[in-house]
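Data block below; observations after.
FYI, it's all coordinate maths here, none of it is from the lab. Remember, predicted model here, so these are calculated numbers, not experimental data. Please note: Cβ atoms are built from the backbone with ideal geometry, for glycine as well, and neighbour counts cover all protein chains shown.
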Ligand code: F6R
């Protein structure tokens, strides 16, 4: 069942998210699944300014673009270094390698690493279409980490980070929905009106592959933090 927490004030919402991380650390959790995207920027800022200590923890990111050099400022590895890892380093951090010669093999290896590590916690944002990671509508719930073709709507949503939509990569490697759902605790953060439809489908709708996040409806420990009244 979903533990819904509605906090209208954005600063308070991110303070609560930081507290959830601190509670995890206090419980002894040490393997964290992390996310990128605009939603995470204020959270990582708050972490950077706090005394939270990840130096004995491991992290695994949800996804990475295929074919974008790691040095590109919009690669997810760059995003993580800039926003979090340069300020709060983990003992060990993994992202899928978007420059791998064989992305399909890279995805399979990443899934293997995830299975060996066992995530204590997974942080998620949500796409306007209900995607989690880059699991777009129609993705089977049991898919492991895999290579995806990004939808036009997702490329358009992410074009704001690039000079033009033509520069947005067309593929990515993403944890699968099943990889995400194996995490013991999941925290989803949804901020802003654009996320209303997806969140409404999560809270009020049936589980359907058309809205990937609904796969988590019966997760044992799923917290949804939002500023939206539903
Ligand atoms: C990011 C990710 C995506 C984003 C989602 C929301 O690693 O996997 O699913 O969480 O696209 O992005 P923002 O936060 O930019 O609205």
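Only helices enter the 222 nm calculation for the chain: every DSSP H run of n ≥ 4 contributes -39,500 (n - 2.57), and dividing by all residues gives -9000 deg cm²/dmol, rounded to 500. The radius of gyration of the Cα set in the stretch 93-230, together with its Dmax, comes out at 14.9, 45 angstrom.
Taking 0.890 mPa s as the viscosity and 25 °C as the temperature, the Stokes-Einstein diffusion coefficient of the stretch 1-123 based on its alpha-carbon Kirkwood radius rounds to 159 µm²/s. The distance between label points at residue 115 and residue 49 comes to 4.3 nm (points 7 Å beyond Cα on the Cα→Cβ vector). Distance between the pseudo-spin-label points of residue 218 and residue 163 (7 Å out from Cα toward the beta carbon): 5.0 nm. The alpha carbon radius of gyration of the chain, expressed as a multiple of 2.2 N^0.38 Å, is 0.94. The order of 84, 13, going from fewest to most other C-beta atoms within 10 Å of their C-beta, is 13, 84.
Remark: relative contact order (the chain) = 27 percent; criterion is Cα-Cα distance under 8 angstrom and separation of 6 or more residues. Beta bridges per DSSP, both residues in the chain: antiparallel share near 25 percent. The slack between residue 23 and residue 56, meaning 0.36 nm per residue of separation minus the straight C-alpha distance, is 10.3 nm. Residue-normalised convex hull volume from the C-alpha trace of the stretch 42-102: 83 Å³ per residue. Between residue 171 and residue 108, the modelled label-to-label distance comes to 1.5 nm, taking each label 7 Å out from Cα in the direction of the beta carbon.
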